[in-house]
Amino acid sequence: MTIRNRLALRFTGLVSSILLLAFVSIYAFCWYFISSDFYRRLNRKAHTTGEMLIHHRLDAQLIKQLIRIRKDQLPNQKIVVFDSRDSVIFSTDEQGSLPIAKSVLAAIRKNQRKDFPQGEYYVSGSQFRASSGQFIVVASAENVYGDEFLKRLIWAFTALFCLIVGITAFSGWFFASDALRPMQQIDQTVSDIFPNNRDERLVVKKDDDEISRLSATINRLLDRVADSFRSQRLFVANVSHELKNPLTQISSQLEVSLLNQREPEAYRQTIRSVLEDVRELATLTHELLQLSQVNQEDAGALLKEVVRMDEILWDIRDEVTAMNPRYQVTISFGELPEDPEQLTVQGNKTLLMTALKNLTENACKFSDNGHALVNVSFEEEVLAIQVQNTGPAIPENELPFIFEPFFRGRQTADLRGYGVGLSLVERIIRLHAGQITASSLDGKPTIFTLILPLLSLTSK
């Protein structure tokens, strides 16, 4: 069942329930008022007859004549008087009075009065006490006008109920359709976006309602999907290009070696060259795997360790200086905090070491003297790490793209590498809810600044 039909049914059911309750209440009130009024009139006639017959002891024929000539007689009115032995001593109906059971007469004696329906008649019985004994006067009549009114009221309520329910059902269906029309438009637009119209977006109205917020959320989702597609295409294109070069070199060298018979030394030289290309290919594959595994969706599973950043920096210094005798790393700490937690972050030690090692190694590689300076400062909520070198400045037009995968500037064109390192660093820092920025001006050091939230902040 569609949401439109479900809403229409629920709305119709709610209105029908309220309407039915109101109609039943009105009918019950009318029935109670009409029957109570009719029983009151019957009791007044029974009381008048009892007064004349029992207390004033008027002649029975005279009483009948007085009753007949009165203009307020009720339809099929009958009055019967019973003595203490339940025998009829007076009746206005010569053809036969309404039969009254002895149990009913006993109930009237017990309760002094009793009103009850019997067939189409309304009956009211009252007890009278006199010196000659106890008597019961029973008055009965048909409430023709009251019953007819109640029947017409039932028919009117039934017809009105059906009419209102029909109007409500149609209105509910119409208004539900009108309310859900934006949802249908969203569904149609989103269906049309893929696969050919990925740049199209939903219209977000100025009204701050649920539909507008949903449209804005879907637009943000579509933006992320489009970015993912663009990144995927770029990633695949760059990977294809980077893998093509070493594979082509390997294939060419092997084909040349097979053209003619060569000396063993020539084969060994070819094997060494191919082996070097295979190692480069393995390095590139490893870097690509690292880059692909660092995703924001895996943050919860990866960032579970408590990492001391000072210990990581000392380890990185030892590793980088061991890679090349020319490399030197100087670590400078600001004023050390009294709280050891201001030295720790929550994250993944291996990933943080990879990021800082790449930055430090790059700083040594591009520095004039192979020297990298690492400055660490502590604030109340974050830890800041600056990695700087005194090498040539990064061109201003290239600076915005240095964190893009496979981007290589003019300075790195002659150096071994694949343009993956800084992209990997940026992803790792972003995964740890941090930020990384770069500044580079002629005549000034090139500085990469990392901002990481402290453990005391991320654990709140």
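The values are calculated or read from the model by the stated rules, or taken from the named source; none is laboratory data. Computed from a predicted model, the values in this text were never measured in an experiment. Positions of Cβ are backbone-derived with ideal geometry, glycine not excepted, and every protein chain shown enters the neighbour counts.
Please specify each residue of the stretch 356-374 satisfying the condition of being of a type in the set (Ser, Thr, Tyr) and farther than 16 Å from Glu426 by Cβ.
Ser367
Restricting to the stretch 52-87, name every residue that is modelled with pLDDT under 85, within 17 Å of Gly125 (Cα to Cα) and in contact with a Phe, Trp or Tyr (Cβ under 7 Å, 6 or more places away or on another chain).
Within the stretch 52-87, Leu53, Ile54 meet the criteria.
Is it the case, given these coordinates, that Ser103 is assigned by TED's automatic domain parsing to the domain that holds Thr48 and farther than 26 Å from Cys30 by Cα?
yes
Does Glu142 satisfy the condition of being assigned by TED's automatic domain parsing to the domain that holds Ile26 and either of a type in the set (D, E, K, R) or without any contact (Cβ under 8 Å) to a residue 12 or more places away in the chain (or both)?
Here the answer is yes, as Glu142 does meet what is asked.
Find the residue count for the stretch 197-218, including only residues that are at pLDDT below 75 and either in contact with a Cys (Cβ under 7 Å, 6 or more places away or on another chain) or of a type in the set (Lys, Arg) (or both).
Adding up the residues that qualify gives 4.
Please determine, by comparing only the residues of the stretch 345-374 that are assigned to a strand (DSSP E or B) and buried (at least 20 other Cβ atoms within 10 Å of the Cβ), which one is farthest from the chain's Cα centre (by Cα).
Ranking the candidates gives Ala372 first.
Does the stretch 136-146 contain at least one residue that is touching a strand residue (DSSP E or B) at 6+ places or on another chain (Cβ under 9 Å) and assigned to a helix (DSSP H, G or I)?
Yes, the stretch 136-146 has at least one match.
Taking the residues in the stretch 106-145 that are more than 28 Å from Trp31 (Cβ to Cβ) and charged (D, E, K, R) as candidates, determine which candidate is surrounded by the fewest Cβ atoms within 10 Å (Cβ to Cβ).
Going through the qualifying residues, I end up with Arg129.
Restricting to strands (runs of 3 or more DSSP E) lying wholly in the stretch 58-120: which have 1 or more residues that are under 60 Å from the mean Cα position of the chain (by Cα)?
113-118
Does the stretch 332-365 hold any residues that are in contact with a strand residue (DSSP E or B) (Cβ under 8 Å, 6 or more places away or on another chain) and among the hydroxyl-bearing types (Ser, Thr, Tyr), and which are they?
Ser332, Thr344, Thr360
If we keep just the residues of the stretch 267-288 that are at pLDDT 80 or above and farther than 30 Å from Thr354 by Cα, which is surrounded by the fewest Cβ atoms within 10 Å (Cβ to Cβ)?
The selected residue is Arg268.
In the stretch 395-407, how many residues are within 48 Å of the chain's Cα centre (by Cα) and either at pLDDT 70 or above or exposed (fewer than 15 other Cβ atoms within 10 Å of the Cβ) (or both)?
The total comes to 9.
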